[in-house]
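The values are calculated or read from the model by the stated rules, or taken from the named source; none is laboratory data. Everything numeric in this text was worked out from a predicted model, so none of it was measured. So basically every Cβ, Gly included, is an ideal-geometry build from the backbone, and we count neighbours across all protein chains shown. Heads up: the accessible areas ignore ligands, DNA and RNA and are worked out on the full protein's heavy atoms, side chains in. Shrake-Rupley method; radii C 1.70, N 1.55, O 1.52, S 1.80 Å.
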There are 2 protein chains.
Amino acid sequence: MKKVASGFLPVIAVDRRAAQPLHKQIYSALRGAIQKRNLSAGEKIPSSRELAIDLRVSRIPVLNAYAQLLAEGFIESRKGVGTFVCTELPGEQLSRPPSTGREIRVPHGPRPLSSNPIPPPFVARPWIFGQGAFAIGQVALEHFPFPTWSRLMARHFRQLQAKFLNFSDPMGSLEFRRALANYLRTSRAVNCEAEQIMIVSGSQQALEVTGRVLFDSRSQVWIEDPSYRLARNALTGTGCEIVPVPVDAEGLDVAAGIKAARRARGAIVTPSHQFPLGAVMTAARRLQLLEWAEHAGAWIIEDDYDSEYRYGAMPISSLQGLDRGRRVIYIGTFSKTLFPAIRVGYIVIPPDLVDRFLAVRHSADLFPPMLYQDVLRRFIEDGHYARHIRRTRQVYQERRNVLVQALKTEFDDSLPVIGSDAGLHLVVTIPRQLSDQEIALRAVESKLWLYPLSAHYLGKRRAQGFVLGYGSAGLPEIRAGVRRLHQLLRKTRRSH
Amino acid sequence: MKKVASGFLPVIAVDRRAAQPLHKQIYSALRGAIQKRNLSAGEKIPSSRELAIDLRVSRIPVLNAYAQLLAEGFIESRKGVGTFVCTELPGEQLSRPPSTGREIRVPHGPRPLSSNPIPPPFVARPWIFGQGAFAIGQVALEHFPFPTWSRLMARHFRQLQAKFLNFSDPMGSLEFRRALANYLRTSRAVNCEAEQIMIVSGSQQALEVTGRVLFDSRSQVWIEDPSYRLARNALTGTGCEIVPVPVDAEGLDVAAGIKAARRARGAIVTPSHQFPLGAVMTAARRLQLLEWAEHAGAWIIEDDYDSEYRYGAMPISSLQGLDRGRRVIYIGTFSKTLFPAIRVGYIVIPPDLVDRFLAVRHSADLFPPMLYQDVLRRFIEDGHYARHIRRTRQVYQERRNVLVQALKTEFDDSLPVIGSDAGLHLVVTIPRQLSDQEIALRAVESKLWLYPLSAHYLGKRRAQGFVLGYGSAGLPEIRAGVRRLHQLLRKTRRSH
């Protein structure tokens with residue numbers, strides 16, 4: 001039997017002054033609740049004692065009502081366990097069929113909705129929730145130090161303080177933000193103090209809050225093309241105009257952006273590892289972008305989503321660290337270094353805008369949960385975070401090397417690989433006459449996850465290809481995945 | 001010494017082809033990072049071995065650079081522990097004073113912000129974060145079954161599955177929503193299936209998402225006056241017009257609302273326990289409100305924030321359960337029954353609007369964290385939740401009784417008490433010539449938390465008084481708090 005919530009008191013109102021005796025009232029109310037399925041089949045109902053206390057009546061009428069329901073087959077009693085709604089109810093007793101939850105009934109009056117811009121519908125493409133070769137956004141969970149994590153979690157509960165359970169600072173825990181500021185200054189050359197950091201539920205909330213503070217319907221905002229699809233969605237509420245700006249091997253093509261919209265109000269960029277094409281923005285481009293922003297009075301939103309993982313290339317300081325005009329908003333997340341469900345991200349805000357960001361955040365979501373903030377602080381301070389990044393960097397580097405080598409061997413260099421210097425994914429391009437989306441759908445049948453490159457484009461100049469994630473795929477799986485990809489492409493070409 | 005994050009690799013770029021020898025380059029980069037405070041005083045730096053691996057150089061130049069920094073007093077070595085940035089740096093070596101994080105420097109170019117409506121600034125009034133007598137929004141943490149909770153948490157970690165760590169359904173865990181649907185059908189007579197329930201971070205996010213789906217700048221929205229201040233803030237982004245509607249002992253004054261704005265697009269109500277005045281909306285008013293909504297084509301947002309706690313009064317079904325036109329959005333939270341930092345709330349959405357709500361939610365915050373969802377599901381299914389509510393209902397009822405009695409005794413019936421039939425707070429009113437805000441500020445000095453009633457009003461007809469929370473105050477503290485309140489009011493009257 002499916003497990004159901006149990007022991008809840010149903011909504012029953014009794015009236016001592018009514019003509020109907022109390023046991024009849026209680027009987028009718030319970031019977032009605034069962035018929036309307038407010039009490040589910042198999043659900044445990046309160047004991048007669050509990051119900052009597054709740055209704056402030058003596059136990060006698062409750063016992064009488066229960067006896068009648070028992071006799072009629074609505075409830076059943078299990079010795080020593082309790083009383084339950086029967087799983088098989090008397091014939092035709094249910095007054096309505098179980099609703100599917102999504103059926104459409106004709107509403108009575110008008111039901112008008114907001115005319116403000118609404119983001120595009122969420123579509124659960126099959127490759128979004130995949131794991132292994134070559135799902136993107138996935139990490140090597142098997143290398144996560146769970147024993148350490150559990151120990152810190154247990155310590156949190158042992159030393160539980162009221163402050164961890166109550167309302168707290170809407171910016172996030174100050175102790176955690178101090179540890180984070182230290183990490184960002186050291187590892188990413190971000191110029192920041194704890195007071196400038198806001199803890200949010202991830203990059204998405206970071207982008208949404210930032211957009212609401214900075215942009216409105218008269219704003220043009222540069223977005224890399226191709227780019228992270230959801231970044232645009234985060235800006236929908238602002239009503240701003242999205243301007244797609246092409247990227248090349250040096251990152252965002254600043255000159256093209258200036259040509260398209262010189263007076264834009266902002267730009268969202270992924271300079272450490274362009275998503276999805278993987279370029280690391282060159283120092284020259286960084287300076288060019290900052291210079292443009294200074295002249296245009298524009299904001300730069302630096303989404304540093306996976307900069308912890310770079311291979312071979314020399315580290316380049318964050319854009320934020322180069323900025324002297326306080327016009328860079330720096331966004332980061334723990335989804336890629338720890339695991340996606342942790343839902344902890346952060347914004348480094350120019351000091352004079354902290355209050356504005358705070359007002360917007362507080363109105364939409366009072367404050368972040370404390371548990372992971374406290375555990376993460378210890379994880380960082382005790383050196384586990386640095387160690388974990390160092391370890392997984394080696395893991396991912398090896399996976400990347402094997403993937404690049406397998407692609408070379410299997411495809412005999414006929415499948416161009418780009419953007420493999422950093423991050424947890426790379427991109428392969430396929431001939432334009434093939435459809436990456438069709439192939440990706442076919443690949444799903446054999447549990448091969450190929451995120452189509454063309455889906456990331458805003459403008460028309462779409463390349464065809466796949467974004468291949470290697471974060472959650474072991475070496476044999478990577479090799480097997482490449483072979484399957486080869487078979488799939490061969491079949492597709494033949495049918496062309 | 002303050003603990004700082006440790007072991008992170010600083011951003012250092014070395015160039016083998018440069019004229020400057022490698023050890024000089026490494027020395028300069030580290031010295032620069034320390035001077036710019038990107039490496040903090042007392043911070044552990046990577047071992048020479050780790051840094052050499054990271055920079056892809058031999059260990060010799062790193063050792064040379066470390067030796068020079070050691071000699072110059074920038075770093076210090078502790079046997080068997082590691083190498084650290086000196087806590088006392090050589091005189092005048094720091095290139096800039098520590099920033100306060102909020103100072104204003106003159107920016108270079110213009111830095112224009114959004115002209116869209118922005119919520120009022122967040123102000124941390126002293127009584128917001130108080131605990132004990134008579135902080136509001138606080139719960140009896142000492143009665144929370146932590147051993148059970150920790151056990152379920154430990155079980156979650158023992159049985160950890162990849163699906164708990166990865167991206168998951170943006171509506172929330174289906175298993176958890178099933179348990180919740182069952183609870184809501186039974187205990188609140190909410191007409192719902194799991195598929196209609198969206199898990200959010202609390203009532204605030206629930207209100208914000210709902211507002212964005214339903215309202216725009218042409219919408220008028222009824223808000224109870226007085227009401228929960230933050231409900232208005234949640235709607236700021238929609239641009240809607242707030243229409244304050246008075247409340248009386250029967251709840252929202254529907255006739256007054258119709259008079260003020262017959263064609264309003266929606267109403268936000270707290271029918272189970274009006275916030276802050278505490279009325280339980282009568283059945284007649286509920287039907288009147290639903291009827292108006294049907295004719296006007298309006299939405300009703302039912303914020304059922306603390307309905308689990310009612311004393312004496314007979315339970316009344318939720319508005320949502322009475323609605324036949326699918327125009328009630330039902331909002332609930334675990335902040336009041338468990339603890340505020342849990343950050344789990346939910347929206348029961350009319351089935352045909354689920355996709356619309358989902359698009360808005362997903363654009364702002366991909367999906368809710370899994371840990372508490374999984375633990376809460378077990379907590380509900382195993383009957384702990386029902387037991388906890390039953391137990392705390394008795395605790396709060398006793399606290400309420402003691403508070404009401406103490407107010408009667410101490411003030412000799414001169415301080416009117418309202419709204420004590422449900423919830424975790426009640427209201428006392430004071431003569432209009434006194435200022436509740438001034439008294440509340442004075443009370444803070446003796447750690448007595450009095451949330452001023454007048455602060456909850458939108459319109460001008462403000463009553464003076466206090467919202468007294470008893471959720472986190474034990475019986476002796478309640479009695480002492482009432483005595484202090486009496487002294488305070490006596491002093492204030494005398495000075496008048």
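Here are the numbers for this structure:
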quantity	calculated
Alpha-carbon radius of gyration plus Dmax, which is the widest Cα pair, for the stretch B:292-356 in Å	13.8, 40
Amide H contacts under 5 Å for A:V328, placed H, 5+ residues apart	A:I300
Residue-normalised accessible area of the stretch A:98-247, given per residue in Å² at a 1.4 Å probe	36
Translational diffusion coefficient (Stokes-Einstein; Kirkwood radius from C-alpha pairs) of the stretch A:200-281 at 20 °C, 1.002 mPa s, in µm²/s	168
Per-residue HN-Hα couplings for the stretch A:136-151 [Karplus 6.51, -1.76, 1.60; θ = phi - 60°; Hz; x = Gly/Pro]	9, x, 9, 10, 7, 4, 5, 9, 6, x, 4, x, 4, 4, 5, 4
Overall Cα dimensions of the stretch B:182-234, principal axis frame, Å, largest first	35, 24, 20
1.4 Å probe accessible area per residue over the stretch A:397-443, in Å²	46
Dmax and Rg, reported as Rg then Dmax, of the stretch B:353-461 (C-alpha, Å)	20.8, 56
Charge context of B:I331, other residues only, Cβ under 9 angstrom, K/R +1, D/E -1	-3
For A:A249, net neighbour charge (Lys/Arg +1, Asp/Glu -1) across residues whose Cβ lies under 14 Å away	-4
Spin-label proximity, B:A463 to the stretch B:297-312 - amide N less than 19 Å from point 7 Å beyond Cα toward beta carbon	B:311
Cα lying deepest toward the dipole's positive end in the protein assembly as shown, options A:T409, B:I301, B:L141, charges on Cβ	B:L141
Carbon and sulfur %, accessible surface of the stretch A:431-496 computed with the full protein complex present, 1.4 Å	50
The stretch A:276-409 shape via C-alpha gyration tensor axes, a/c threshold 1.5	oblate
Under 30 Å from B:K259, Cα to Cα: lysines that are on another chain or at least 8 residues apart	B:K460
Inter-label distance for B:A67 and A:A480, nm, one decimal - labels placed 7 Å from Cα along Cα-to-Cβ	5.3
Solvent-accessible ranking of A:R232, A:R177, largest area first, probe 1.4 Å	A:R232, A:R177
Total accessible area lost when B and A pair, probe 1.4 Å, Å² to nearest 100	12500
Shape of the stretch B:110-158, Cα gyration tensor, a/c cut at 1.5	oblate
Chain A, helix-only ellipticity at 222 nm - DSSP H runs n ≥ 4, -39,500 (n - 2.57), divided by all residues, nearest 500	-12000 deg cm²/dmol
Over the stretch A:148-275, volume per residue of the alpha carbon convex hull, in Å³	153
P(r), alpha carbons of the protein assembly as shown - 10 Å bins starting at zero, rounded %	2, 10, 18, 22, 20, 14, 8, 4, 1, 0, 0
Rounded to the nearest 20 debye, dipole of the stretch A:122-281 from Cβ charges on Lys, Arg, Asp, Glu	380
³J(HN,Hα) computed for each position of the stretch B:431-445 - Karplus, 6.51 cos²θ - 1.76 cosθ + 1.60, integer Hz, glycine/proline x	x, 4, 6, 8, 9, 5, 5, 5, 4, 4, 5, 5, 4, 4, 4
Listed residue (A:F157, A:Q205, A:L235) projecting farthest to the positive dipole end of the stretch A:113-265, Cβ model	A:F157
Centre separation in Å (Cα based) which lies between the stretch B:132-183 and the stretch B:1-64	43
Measure of compaction for chain B (Cα Rg per 2.2 N^0.38 Å)	1.24
Accessible-area value, A:E291, 1.4 Å probe, nucleic acids and ligands omitted, Å²	110
Size of electric dipole in the stretch A:314-431: Cβ of Lys, Arg +1 and of Asp, Glu -1, about Cα centre, debye, nearest 20	280
Distance violations [Cα-Cα > 20 Å] among A:K36/B:K336; A:K163/B:K447; B:K336/B:K408	A:K36/B:K336; B:K336/B:K408
B:I53, A:I380, reordered so the largest accessible area comes first (probe 1.4 Å)	B:I53, A:I380
Calculated FRET efficiency for the pair B:H295/A:R17, C-beta based, R₀ 22 Å, to 0.05	0.05
Members of the stretch A:332-366 that become less accessible by 40 Å² or more once partner protein chains are added (1.4 angstrom probe, chain alone as reference)	A:P340, A:A341, A:R343, A:P351, A:D352, A:R356, A:A359, A:H362, A:S363, A:A364, A:D365, A:L366
Charge dipole magnitude, Cβ of K and R +1, D and E -1 - the protein assembly as shown, Cα centre, debye nearest 20	800
Gap separating the Cα centres of the stretch A:404-424 and the stretch A:274-324, nearest whole Å	25
Protein accessible area in the stretch B:291-403, 1.4 Å probe - carbon and sulfur %	47
Listed residues B:F357, B:S420, B:Q433: farthest to the positive end of the dipole of chain B (Cβ charges)	B:Q433
Estimated inter-spin distance, B:K447 and A:F129, nm [label 7 Å along Cα→Cβ]	4.9
